[in-house]
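Everything on this sheet refers to the single structure shown next.
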There are 2 protein chains.
Amino acid sequence: MSDWGPSRRGFLAGVGGLAAGAAASPGLAAPKTGEAVPHAGAAEPFYGRHQSGILTPAQSHCYVAAFDIVATDKAAVAAMLQRWTEASARMTAGLSAQPRETDADSPASDSGEQLDLTPARLTLTFGFGAGLFVKDDKDRFGLAARRPEAFVDLPHFPGEQLVEQLTGGDLVIQACADDPQVPFHAVRQLSRLASEVAELRWVQSGFIGNFGKTTPRNLMGFKDGTGNPSTADAKLMDEHVWVGSEGPAWMRGGSYVVFRRSRMALEHWDRMKLSFQEQTFGREKVSGAPLGAKHEADKVDLDAADKDGNPIIPENAHIRLASADSNGGARILRRSYSYNDGVNFVAERWPPWHQGMEYDAGLIFVCFQRDPRTGFIQINEKLSRFDMMNQFVTNIGGGMFACPKGVEKGSYIGRELFE
Amino acid sequence: MSDWGPSRRGFLAGVGGLAAGAAASPGLAAPKTGEAVPHAGAAEPFYGRHQSGILTPAQSHCYVAAFDIVATDKAAVAAMLQRWTEASARMTAGLSAQPRETDADSPASDSGEQLDLTPARLTLTFGFGAGLFVKDDKDRFGLAARRPEAFVDLPHFPGEQLVEQLTGGDLVIQACADDPQVPFHAVRQLSRLASEVAELRWVQSGFIGNFGKTTPRNLMGFKDGTGNPSTADAKLMDEHVWVGSEGPAWMRGGSYVVFRRSRMALEHWDRMKLSFQEQTFGREKVSGAPLGAKHEADKVDLDAADKDGNPIIPENAHIRLASADSNGGARILRRSYSYNDGVNFVAERWPPWHQGMEYDAGLIFVCFQRDPRTGFIQINEKLSRFDMMNQFVTNIGGGMFACPKGVEKGSYIGRELFE
């Protein structure tokens, strides 16, 4: 059975050469857990001990899609996860989601907007929401007893304004690639393969400017991710990112992901003085250096004081409150993207009562951790109360998901949970 | 006066080296009117006989922003266009929009998310809407008599469902670059410089997969732009794209742009047979060849018939109805982008009355032409009535704008109209 691709017209050496090359050796690409950014056309591995898209060096674009399960039968969900696994292994290798239809009178098996494109380092990372275990107080799939202890509900944090339609979901797919069309294509095919079992609940696309060259800047103009633990440090990853023997078998080697749709009041931020912006972050804008230091990579000295004894990094600066030192050693692996969803009409309810268009833009905050109770939740309990940045950022959506361990060839995502 | 950038901390040779290099020779980059895609970090010229962003080989990302003018004074509009011109010349060369504030206690002069980024071939193309000439039957700036004869109102086309908030505008900026963060940054600074004079009305961001390598595919999976006139053919461009002596002085060397937000019913399209999809376009999906031919670049033979005498390219196929031969020789220069604005809940009003999430995704159709009456309008009068594609595409926004001739150094966009 032939696949969608240039071979259809015998152009094997033509336009789609890269994709054809990837097809010849699916899964054989070398795993990349370091921080170097490989060639944009390369294929990331799909099978492995861990899911890709967690330690994978961030791609330039992401598309996150959360689904509600509408099937009532556990076997139907497992069958869909099998379809998703097979299609994901194909697409991350640069193939269509399914083998192509055998003749032109069959329904198109793939929408085809990825034809001519390389795999673009596509990764597809799957997560399970709380609703897979318990929904409306109902153990709908008989999985309630298998919900990991660490997989608590996210508490309500001060200041957040969660929009129900942009929050939660029973399943999530994080699709990332170095081309915006590739993750859109992937989610579109997976959504089609979910027919009758799961339906899209919310989606969010994002981007990183100049990815890979330097620490990316968020839309506030500041470098974001400087203090991340190094993904090249396996010990650190085992300690802070991967679930170990404390978790159930299906989560060992997996991780918990938190997505937060953090809308930024960019119009307000842009009216602030540079010095105030720098105090808010605790870093210099241009260099990214911690206040009082010279270089981005310099150690953050929370004890440094000026000649009057005042802290150089303010008490409520973002990097102070988010630091491991302020949170009992808690560390998370951030993998965030900026988003730009256009403009909306807003009538402000505070002085100067501005009425007009405001950006719906900001950060898709993404973080992975071994245990959310001692990871994101611990850190955000403090940040949500005291961070100076809160006056410019509102969390309006997202959710937390348990990303199971990686898949071996012949198995499927989450199999050990379902069988 | 120093600029935002690495020189602030004396890191001239550091992270921002590329931007600093561009800064050293703003406007000196060689004009590129051919179809080759230059290095992604290169700067496109801002000054010149024509505005950039029209013949410029398409960049990977675009961000279109339409504005309503709120000022009542013509001089205020002209002063804003001067600010826009100066800031645009700076940003396309890789600089901040304005010189940086002289000390850290001044309001930030630039939001800074472009720091560390190259110019990424940024182009900023400006257009004037009908509302600049006449609004609510009022000649508000004394410019009504200067409205070009060719700049008619777009007629209502069958099937379109224009949303008022996504349509029209008195001014437009088309920002394109090879990095999504660069056009967002540019429009954000220009919007800030418009303060009290113009306000955002609608924005739309878009992307092209694998830009520059092959004819890009739209989200229906088909190649889009195959039949475009060659931008390397100056005679063809003079004939079909650039306004000549028939136009007023400020439009000679300019062009008319039409933006159409064309939402695609992707869920419906994905259920169609491949053969039906190909008949709808009149081309093969994988190769892009016209039906009955072998290669993408093969001539479209509208007269070809099968053994029963039926046309091989159906009577209502898109490429037949859009062709110059079907439209008295009318040609336009397309420069479209795909868009992905997430999902919305839709309750269908036709069988099978599906209720659920549907994509808000499709094409930002963009075309430039010398005269819209014999360009887009002529072609779309036919397409909007008979194109098989209409059942899958709905136009919900956009507008038409007069893009004045290019700017010389020391002048500003549209000066000859205002003075």
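The separation of the stretch B:250-318 from the stretch B:126-160, counted between C-alpha centres, amounts to 32 Å.
A dipole drawn for the stretch B:82-194 from +1 and -1 charges on Cβ atoms has a positive end, and of B:L171, B:A145, B:L122 the residue lying farthest that way is B:A145.
Across all Cα pairs in the stretch B:268-343, the calculated P(r) in 5 Å bins from zero up to the longest distance comes to 3, 14, 19, 24, 20, 11, 5, 3, 1, 0 percent per bin. Kindly identify the stretch A:186-274 as rounded, prolate or oblate by the Cα gyration tensor criterion: order the square roots of the eigenvalues as a ≥ b ≥ c, call it rounded if a/c is under 1.5, otherwise compare a/b with b/c, prolate if a/b is larger, else oblate. Verdict is oblate for the stretch A:186-274.
For the stretch A:327-368 versus the stretch B:394-419, the inter-centroid distance based on Cα atoms is 32 Å. At q = 0.10, 0.11 Å⁻¹, what base-10 log of I(q)/I(0) does the Debye formula yield for the protein assembly as shown when every alpha carbon is treated as an equal point scatterer in vacuo? Computed log10 I(q)/I(0) values: -1.12, -1.36. Mean per-residue shielding of peptide A:287-296 is 2, counting Cβ atoms of other chains within 10 Å of each Cβ. Relative to the current alpha-carbon distance between B:K294 and B:V70, full extension at 0.36 nm per residue lengthens the span by 75.2 nm.
With each label modelled as a point 7 angstrom along the Cα→C-beta vector, the B:A145-B:E348 pair spans 5.6 nm.
For peptide A:99-112, the mean count of partner chain Cβ atoms within 10 Å of a residue's Cβ comes to 5.
Classify chain A as rounded, prolate or oblate from the Cα gyration tensor: take a ≥ b ≥ c as the square roots of its eigenvalues, call it rounded if a/c is under 1.5, otherwise prolate when a/b beats b/c and oblate if not. It comes out prolate by the Cα gyration axes. Rounded to the nearest 20, the size of the Cβ-charge dipole of the protein assembly as shown about its Cα centre is 960 debye, with Lys and Arg at +1 and Asp and Glu at -1. Rounded to the nearest 0.05, the FRET efficiency derived from the C-beta distance between A:D233 and A:D153 at R0 = 41 Å is 0.85. Specify whether the C-alpha gyration tensor of the stretch A:94-227 places it in the rounded, prolate or oblate class, a ≥ b ≥ c being the square roots of the eigenvalues: rounded for a/c under 1.5, otherwise prolate if a/b is larger than b/c and oblate if not. Cα axes put the stretch A:94-227 in the oblate bin. Taking the number of Cβ atoms within 10 Å of each Cβ as an exposure proxy, the fewest-first ranking of A:F126, A:F157 is A:F157, A:F126. With the convex hull drawn around the C-alpha atoms of the stretch A:322-419, the volume per residue stands at 158 Å³.
For GluC sites (Glu not before Pro), the sites in the stretch A:107-185 that DSSP calls loop and that have at most 14 other Cβ atoms within 10 Å are A:E149.
When +1 charges are put on Lys and Arg Cβ atoms and -1 charges on Asp and Glu Cβ atoms, the dipole computed for chain A relative to its Cα centre reaches about 520 debye. Between the beta carbons of B:S411 and B:D103, assuming R0 = 30 Å, the FRET efficiency works out to 0.40 to the nearest 0.05. Residue exposure proxy: A:C367, A:C62, B:C176, ordered by other Cβ atoms within 10 angstrom of their Cβ from fewest to most, comes out as A:C367, A:C62, B:C176.
Label point of B:D303 (7 Å along Cα→beta-carbon): distances to the other copies' equivalent points are 9.0 nm, sorted ascending.
Toward the positive end of the charge dipole of the stretch A:343-419, with +1 on the Cβ of Lys and Arg and -1 on the Cβ of Asp and Glu, the farthest Cα among A:S411, A:L383, A:N395 is that of A:S411. Relative to the Cα centre, the charge distribution of the stretch B:127-194, modelled as +1 at Lys and Arg Cβ and -1 at Asp and Glu Cβ, gives a dipole magnitude of about 320 debye. Relative protection proxy for A:133-140, B:371-378, from highest mean packing down: B:371-378, A:133-140 (other beta-carbon atoms within 10 angstrom). Based on DSSP H segments of at least four residues, each scored -39500 (n - 2.57), chain B has a per-residue ellipticity at 222 nm of -5500 deg cm²/dmol. Sorted shortest first, the separations between the B:R49 label point and its copies elsewhere in the assembly read 6.4 nm; each point sits 7 Å from Cα along the Cα-to-Cβ line. Taking Lys and Arg as +1 and Asp and Glu as -1, the other residues whose beta-carbon sits under 10 Å from that of B:G209 total -1. Across the identical copies, the label point of A:P155 (7 Å from Cα in the Cβ direction) is separated from its matches by 6.5 nm, in order from shortest. Report the residue, chosen from B:D103, B:D68, B:D325, that carries the largest GNM mean-square fluctuation when chain B is represented by alpha-carbon nodes joined by springs under 10 Å. Its mean-square fluctuation being the largest, the pick is B:D103.
No lab work stands behind these numbers, since they all come straight from the coordinates. Given the structure is predicted, the values throughout are model-derived calculations rather than measurements. Cβ atoms come from the backbone with ideal geometry, glycine included; neighbour counts cover every protein chain shown.
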